[in-house]
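One structure coming up, written as structure tokens, with questions to follow.
The values are calculated or read from the model by the stated rules, or taken from the named source; none is laboratory data. Only a predicted model underlies this, so the values are computations on that prediction, with no experimental measurement involved. All Cβ positions, even for glycine, are placed from backbone atoms using ideal geometry, and neighbour counts span all protein chains on display.
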Amino acid sequence: MTDRLDETVALVTGASSGIGEATALLLAELGAAVAVAARRKARLDDLVGRIEDKGGRAIALETDVTDRSQAEAAVEQTVAQLGRLDTVINNAGVMLLGPIEHAPVEEWERMVSLNVMGVLYVAQAALPHLLKAADQPPRQVADMVNISSVAGRVARAGSGVYNATKWGVGAFSESLRQEFTGRHLRISLVEPGAVKTELATHVRSEVWEQLGNVFTNTELMESEDIAETIAFIVTRPRRVAINEVLIRPTEQER
């Protein structure tokens with residue numbers, strides 16, 4: 001890495017576990033003050049404690065980003081308590097796999113609400129603050145990193161609606177990127193393959209019995225692997241934008 005994040009502020013959604021938790025810890029190590037947002041407040045408080053124990057600065061924001069008012073409030077509280085907003089990691093998401101035939105439509109609604117609308121709500125609320133930060137020292141550049149999935153590139157049976165949400169995140173991110181190329185707000189898309197996180201635990205047991213053996217013999221990535229990729233993106237020099245990163249386990253075929 002060529003730079004640190006001292007005197008900057010980051011907001012990480014979905015920070016109570018997995019990729020979000022690992023990313024918040026690493027950004028704090030790099031000098032950023034970090035707002036961690038998720039629904040599980042106790043986990044956020046623990047995360048804030050660990051960051052502060054290492055000399056960092058962090059705040060916990062109990063937030064359901066599927067609620068527009070809560071998503072907007074998380075952004076505003078970040079700026080009010082930490083002073084600015086330079087980096088947004090749009091990480092909150094859910095993976096509810098299963099055949100489309102006879103699917104519980106409530107699962108589709110949950111994925112669209114969180115994976116798509118949650119990203120949009122946070123992005124819209126954050127834009128004015130990110131653009132302001134991009135005009136100011138210390139770095140004169142701001143970043144939004146949207147977390148998608150290999151499922152945003154490769155459609156599979158049993159994953160159709162999850163695929164749809166992640167393809168949507170990719171399309172939104174690229175369009176947004178093109179809007180701000182001249183204003184030093186970098187929009188990046190990260191598409192992880194199989195990672196050892198809680199995502200799989202959200203899948204119905206009967207579905208997991210059918211689909212869960214895909215990665216039985218694959219060494220999965222750790223959340224820290226994705227966090228390091230995100231940190232690489234947001235620490236690039238002002239002149240460099242990493243638009244898109246697809247990252248899979250070495251043994252993952254598709």
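Any chance you could count how many residues in region 57-107 are in a loop (DSSP other than H, G, I, E, B) and touching a strand residue (DSSP E or B) at 6+ places or on another chain (Cβ under 7 Å)?
Counting residues in region 57-107 that are in a loop (DSSP other than H, G, I, E, B) and touching a strand residue (DSSP E or B) at 6+ places or on another chain (Cβ under 7 Å) gives 10.
Please give the number of the condition VAL161 fails out of (1) outside any loop (DSSP other than H, G, I, E, B); (2) over 23 Å from VAL12 (Cβ atoms); (3) at pLDDT below 95.
The failed condition is (3).
Of the residues in region 214-254, how many are assigned to a loop (DSSP other than H, G, I, E, B) and not basic (Lys, Arg)?
Here the count works out to 19.
Give me the pairs: first residue in region 137-159 and closer than 30 Å to HIS102 by Cβ, second residue in a loop (DSSP other than H, G, I, E, B), beta-carbon distance under 6 Å, and six or more apart or on different chains, which are they?
Listed by first residue and then by second, the contacts come to ILE147/ASN91; VAL150/GLY193; ALA151/SER159; VAL154/ARG254; GLY158/LEU97; GLY158/PRO99; SER159/LEU97.
Conditions tested, residue by residue: (1) surrounded by 17 or more Cβ atoms within 10 Å (Cβ to Cβ); (2) within 23 Å of GLU179 (Cα to Cα).
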{"residue": "MET95", "(1), (2)": "yes, no"}
{"residue": "ILE100", "(1), (2)": "no, no"}
{"residue": "SER113", "(1), (2)": "yes, no"}
{"residue": "VAL122", "(1), (2)": "yes, yes"}
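If you check VAL105, VAL119, VAL141, VAL79, which single one turns out to be β-branched (Val, Ile, Thr), closer than 16 Å to VAL169 by Cβ and modelled with pLDDT of 95 or more?
VAL119
If you don't mind, another one. Return yes or no: is GLU209 assigned to a loop (DSSP other than H, G, I, E, B), exposed (fewer than 14 other Cβ atoms within 10 Å of the Cβ), acidic (Asp, Glu) and modelled with pLDDT under 95?
Taking the combined requirement at face value, the residue does not satisfy it.
Next question. Assigned to a strand (DSSP E or B), of a type in the set (Ser, Thr, Tyr) and crowded, with 17+ Cβ neighbours inside 10 Å: is that true of SER188 in this structure?
So SER188 passes the test.
What residue, among those in region 135-158 that are among the aliphatic types (A, V, I, L, M) and in a helix (DSSP H, G or I), is surrounded by the fewest Cβ atoms within 10 Å (Cβ to Cβ)? Walk me through it before giving the result.
Quick first cut of region 135-158, residues among the aliphatic types (A, V, I, L, M) only: 141-142, 144-145, 147, 150-151, 154-155, 157.
Keeping just the survivors that are in a helix (DSSP H, G or I) gives 150-151.
Working: VAL150: 18, ALA151: 22.
It comes out as VAL150.
Determine whether region 56-65 contains at least one residue that is among the basic types (Lys, Arg), surrounded by fewer than 22 Cβ atoms within 10 Å (Cβ to Cβ) and under 19 Å from SER148 (Cα atoms).
For region 56-65, residues among the basic types (Lys, Arg), surrounded by fewer than 22 Cβ atoms within 10 Å (Cβ to Cβ) and under 19 Å from SER148 (Cα atoms): absent.
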